[in-house]
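Bear in mind these aren't lab numbers, they're just calculated from the coordinates by the rules spelled out. Small disclaimer: the values here were computed from a predicted structure and weren't measured. Here Cβ is always computed from backbone atoms with ideal geometry, including for glycine, and neighbour counts include all displayed protein chains.
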Amino acid sequence: MSLFSDNIRYLRLQKNISQEKLAEALLITRARYVKYESGTSEAPYDILKKMAHYYHVSIDLLLSVDLRKIDMEGVLKLDGNRLLLPVTVDKAGENIIEIIPQKAQAGYLAGYSDPEFIETLQHISLPFLRNGKFRAFPIEGNSMPPFRDGSFIVGEYVEDSNDIKDGQTYVLLTKNDGIVYKRIYRKGRKFMFHSDNPEFEPYEVKASDILEAWKFSCGFTLNEYTPDDIPQDTVKNMLLELKREVNSIKKKLL
């Protein structure tokens, strides 16, 4: 038996469903499904895709990871659309990085798992980023200095929610807010999204509302930094210090 056949048998037993019922869900005969589970026949792409949807597990996990040895509850759920991320390489075999442009940002929520959508994106290659799947995302607003509106964050794909570390920054695709870049902290089965700009209040997001997570790898901006771009937290600290000095002077005058 292959790793794939072991995995689909394990997932079926975990779901407590018969081969016949599963075959019906995949729109194939039981006899055909049995060949996949016994390892005597290889499943074509359309069947792999259906199984990935059915079990909410990516195709790459089905084919290359022993699912009996990992915590399936810890794997991020992609809302019935958990498919293999398209990984593209250039002629030299280097992993290339797709860029989500500002104009495609809204469409990414609908097309993030669609290989045809991903293939339409422009891409770059960064030789110092290897051994992972990377993607560049546009950042809106000024909640995460020093990255300003129009900057891009390059993130490495996070397969397992257990790999999300407190206090680190991630680009996240969420059901309600689309693409956001925040500093993340765990709160039970939820996450707190924090901005480094203190003017923005942290907010809570359910783990089930996170569709993708990309750990910060590097960032770049298309706008030159100027002396006037003083971080908001610096301004706040200056005002607090001024307030303390005024209070100190008042006490001395009393």
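Here are the numbers:
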| item | result |
| --- | --- |
| L126 long-range amide H proximity, modeled H, under 5 Å | I97 |
| ³J(HN,Hα), Karplus 6.51/-1.76/1.60, whole Hz, each residue of the stretch 143-154, x for Gly, Pro | 7, 10, x, x, 7, 9, 3, x, 6, 10, 10, 9 |
| Where labels lie 7 Å past Cα in the beta-carbon direction, separation of R244 and Q14 in nm | 5.3 nm |
| Sites matching trypsin sites (Lys or Arg not before Pro) across the stretch 162-224 that sit in DSSP coil, with at most 15 neighbouring C-beta atoms within 10 Å | K165, K175, R189 |
| Neighbourhood charge, 12 Å Cβ-Cβ cut-off, centred on L222 and excluding it, Lys, Arg +1 and Asp, Glu -1 | -1 |
| Karplus 3J(HN,Hα) series, Hz, for the stretch 19-32 with 6.51 cos²θ - 1.76 cosθ + 1.60 (x for Gly, Pro) | 4, 5, 5, 5, 4, 4, 5, 8, 6, 9, 7, 4, 4, 5 |
| Whole-Hz couplings from phi, Karplus 6.51/-1.76/1.60, listed for the stretch 205-210; x for Gly and Pro | 9, 5, 4, 5, 8, 8 |
| Surrounding net charge for R30, when Lys and Arg each add one and Asp and Glu each subtract one, Cβ distance under 13 Å | +1 |
